[in-house]
Amino acid sequence: RNVSYDISNVPPSFALPWAQLSQLSLYPDNVGQLLQILSECSALQSLECYGYQCSEDTTEDSLPCISLSTLTAFTFHLTEEEDYSALSHCFAKLTLPSLISLRLYAAEHYSRFDGVNWPSDAFSSFVDRSKCTITTLTLEGVPLSHPILQTILGKLPALKHLKLIDPHTRDYYGTGLCITNQFIEMLDATAPSEDGPRVRRGHAGGKLE
C-alpha cells in the first residue's frame, strides 16, 4: 500500500498508521522524536526531514539505532547552524541498506560557513554500515571544501547522478568553495573503473549536474 503523509510536529502517540507509511515529510522537534517515529515506520520508502535543534546534553550513546530496510530516498534540509549536529545524529543512528538517493539542501545563510563541521566520520560509518548503493547525490548550497567533497565522492563508487550547487555563488561571500578547477579536473580524470561519480552532464558557473 502506497500511503503518503506530510506531518509537522506530530507526536508518535498520534493515531496514524505509521507502519503503512511509504513517504514521510517530517519537522521533528528533536532527534529523539525523529528516531522514535522512524522506529514505527517499517515500510517507509522515502523520508524528507527538516533540521532541528540539538540540545547540548544529547549524546549519540543515548539514542536508539534504527534500520529501515525499505528506504530508498533520504532528503535532509539544513535550516539552522546546529543542523550539522542533527545530520550527524542521523548518519550515526540510521542504517539504510536500500538507499539509492541522498539529497541535502542548505539554507542561504550556510554560504558563510566553510563546511569544517561536516560529520565526515559519521557519514563514512553510515555508508559502510548500511552497505547501500547510492547512485544519486544532490548537494545544494551545502558548504563543503574541495577535499571534503572529494572524500564524500570517494565513498560512493556507484554514483551516476550528481547535482552540485556551490553556496558561494549565491551571494557576495566568494566564488567557488567546492566547485574548483581542481574538482573539475578530478572529475574529468576519473575513469569509469575508478572511484568517483560518472557525471553525465557538464557544469556552468556554480552548478554541476
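The values are calculated or read from the model by the stated rules, or taken from the named source; none is laboratory data. If you're wondering where the values come from, they're calculated on a predicted model, not measured in any experiment. FYI the Cβ positions are ideal-geometry reconstructions off the backbone, even for glycines, and counts take in every protein chain you see.
For this structure, a couple of remarks:
- A count restricted to segment 66-90 and to residues that are in a helix (DSSP H, G or I) and either modelled with pLDDT of 95 or more or among the charged types (D, E, K, R) (or both) stands at 1.
- Residues satisfying the stated conditions in segment 39-63, i.e. farther than 18 Å from residue 103 by Cα and at pLDDT 85 or above: 39, 40, 41, 42, 43
- The residues in segment 105-141 that are modelled with pLDDT of 85 or more, part of a loop (DSSP other than H, G, I, E, B) and in contact with a helix residue (DSSP H, G or I) (Cβ under 9 Å, 6 or more places away or on another chain) can be counted, and the count is 4.
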